[in-house]
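Engineer: So that we are looking at the same thing, I have put the structure below in structure tokens.
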């Protein structure tokens, strides 16, 4: 169990955003929204995120109850005294400043984002794209997209991934890469450099079995192959390259001559190239000796004039290995910065290889399955690049490992979507009600805003019957709640109704009255079947049927569903089939 306890400053921060949320959403503040705002203001709380919900929940309930009993002015009065900054209608975008790049000169900075194309980009990859992209923009520099695709054994490239990643890079940055490099197209460069290094004695060819070399490395003893004459090393190198030389995969590896006296075992004569028998999807079987990532990346960074490398702190050994090679070759190593690991609670430890395996096993419908943490899935759900940027900028370049809930990203995305998303009504598990309206004259239609804060966008008009034979849809849970109580409900932006146990009732009042629960609804005639794919409380995704208000919105439009949340239109119904459904993908609440 954690011994972390919130101090008064943390509790006041929670209270501020609980009150602000209740004020902005008319007494319907939400825990996730408040949590996202708290974490957005105080990044250090992210590691304690799971302990915040028990604190936030009661404060949100208290703030919502205060709004309902005492009104918005009471909350506004408290905030004016305690936290006047929370009364600003639009909170300024907060961004943790990235540190300056060491020894950086405007116009001369060269960075690179170098994914392995064994699948599309994930949420974690987007950090590399956006942080590097921000630095490139700040220093008027160049960001290279480099496909590190020389491993056909452990992480074989997927031909589709090259186009996926290029498209996702463009989407995330809004720009073209400064250059696009395919490591598999640069094999001659790596092999030529290896030939030179073997001839100069910087590399040697080791034919020791892997277990035997491991024992030597642990004992800090030189491999017998290390002391072979240069001429024999050159012959061994040619033997590796020659398909008829007799050596097969695993028989020999090229090592960097660093010395077995290195304190760090990982640096002791580390492997640089090996034989790989698996064909490459782009160049086939043209090459049989392939560079390992540390050698390939080191050579390519030098060739492209990379000035700064930003990588995870788990790759510090790669930096150390490559620096030893650079020293031998007389090259200047790029400035290097590190970040710690960010783990999103809901996604755990997904890896590209694991996702590919799960997709092949039929556990997910593809890389765009909304349950996956891929950029394809996040785009499909309706996440914006602006939200992703705010999410990653908030962490900066801290080397501290952080755990964070998805609610943090969702809060940034909600702020973006709330400004632009048209409103629609979606009724899950609908109940059809037949309502009378004795003594009341109904208007010709109900006028609802497309966006409550942007009247210039117009309205949604639902026609009403002239004979007062009114039929509407509400959610079954709302109906049951009303029947088990006093039977009263208010149809949002329209009228108060009184229900009976037979799915009937009466419109009793058009004017809004206090103390009546407000529900979203649909009038019969403006609905079409819809299916929304969304997760349950445990994170398991499933498809739920309902009725969606008709509209002219197309595929890709993100809408805000009344009392439900944000969703993206993923598919439209057949125009000639009134029973076909609109497909919705849940974004978040």
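What follows draws every value from the coordinates through simple rules; no lab data is involved. Predicted model only: the values in this text are computed from it and were never measured. Here Cβ is always computed from backbone atoms with ideal geometry, including for glycine, and neighbour counts include all displayed protein chains.
Engineer: Using only Cα atoms and rounding to the nearest 10 degrees, what angle (0 to 90) does helix 316-329 make with the longest principal axis of the chain?
Structural biologist: Taking Cα atoms only, the helix is inclined about 40 degrees.
Engineer: Something else now. Gain in length, residue 180 to residue 541, computed as 0.36 nm per residue apart minus the alpha-carbon separation, to one decimal in nm?
Structural biologist: Stretched out fully, the residue 180 to residue 541 stretch lengthens by 126.3 nm.
Engineer: Right, here's the next one. Relative to the compact globular guide of 2.2 N^0.38 Å, what is the alpha carbon radius of gyration of the stretch 407-495, as a ratio?
Structural biologist: It is 1.36.
Engineer: Over the C-alpha atoms of the stretch 95-342, what are the Rg and the largest Cα-to-Cα span, Dmax, in Å?
Structural biologist: Here Rg and the maximum Cα pair distance are 18.9, 59 Å.
Engineer: Hey, another quick one. Nearest 10 degrees, 0 to 90: what angle lies between the long axis of helix 8-24 and the longest principal axis of the chain (Cα atoms)?
Structural biologist: Value to nearest ten degrees: 50.
Engineer: Could you list, bin by bin from short to long, the percent of Cα-Cα pairs of the stretch 1-46 in 10 Å steps?
Structural biologist: Histogramming the stretch 1-46 at 10 Å steps yields 26, 51, 20, 3 percent.
Engineer: Using the number of other C-beta atoms within 10 angstrom as an exposure proxy, rank 438, 239, 220 with the fewest first.
Structural biologist: Arranged by neighbour count, lowest to highest, 438, 239, 220 become 438, 220, 239.
Engineer: Run through all the Cα pairs of the chain and give the fraction in each 20 Å bin from 0, expressed as whole percent.
Structural biologist: Pairs per bin, as whole percents: 17, 41, 27, 13, 3, 0.
Engineer: Which three semi-axes in whole Å describe the equivalent ellipsoid of the stretch 457-565, each the square root of 5 times a Cα gyration tensor eigenvalue, listed largest first?
Structural biologist: 26, 19, 13
Engineer: With angles folded into 0 to 90 degrees, how steeply does helix 293-303 sit against the dominant principal axis of the chain? Use alpha carbons for both and round to 10.
Structural biologist: With rounding to tens, the tilt is 90 degrees.
Engineer: Still on this structure: Dividing the convex hull volume of the alpha carbon atoms of the stretch 308-353 by its residue count, what do you get in Å³ per residue?
Structural biologist: 90 Å³
Engineer: For the stretch 526-587, what's the radius of gyration and Dmax over Cα atoms, in angstrom?
Structural biologist: 11.4, 38
Engineer: Something else now. In whole angstrom, how far apart do the alpha carbon centroids of the stretch 313-388 and the stretch 181-229 sit?
Structural biologist: Using only Cα atoms to place each centre, the spacing works out to 28 Å.
Engineer: Would you mind listing how long the stretch 8-92 runs along its three principal axes, going by Cα atoms, in whole Å with the largest first?
Structural biologist: Here the spans come out as 35, 25, 22 Å, largest first.
Engineer: Need the full-extension length gain, residue 98 to residue 555, defined as separation in residues times 0.36 nm minus the C-alpha distance. One decimal, nm.
Structural biologist: Length difference between fully extended and current span is 160.9 nm.
Engineer: Bin all alpha-carbon pair distances of the stretch 257-344 at 5 Å intervals from 0 and give each bin's fraction as a whole percent.
Structural biologist: Bins of 5 Å from zero give 3, 12, 20, 20, 18, 14, 11, 3, 0 percent of pairs.
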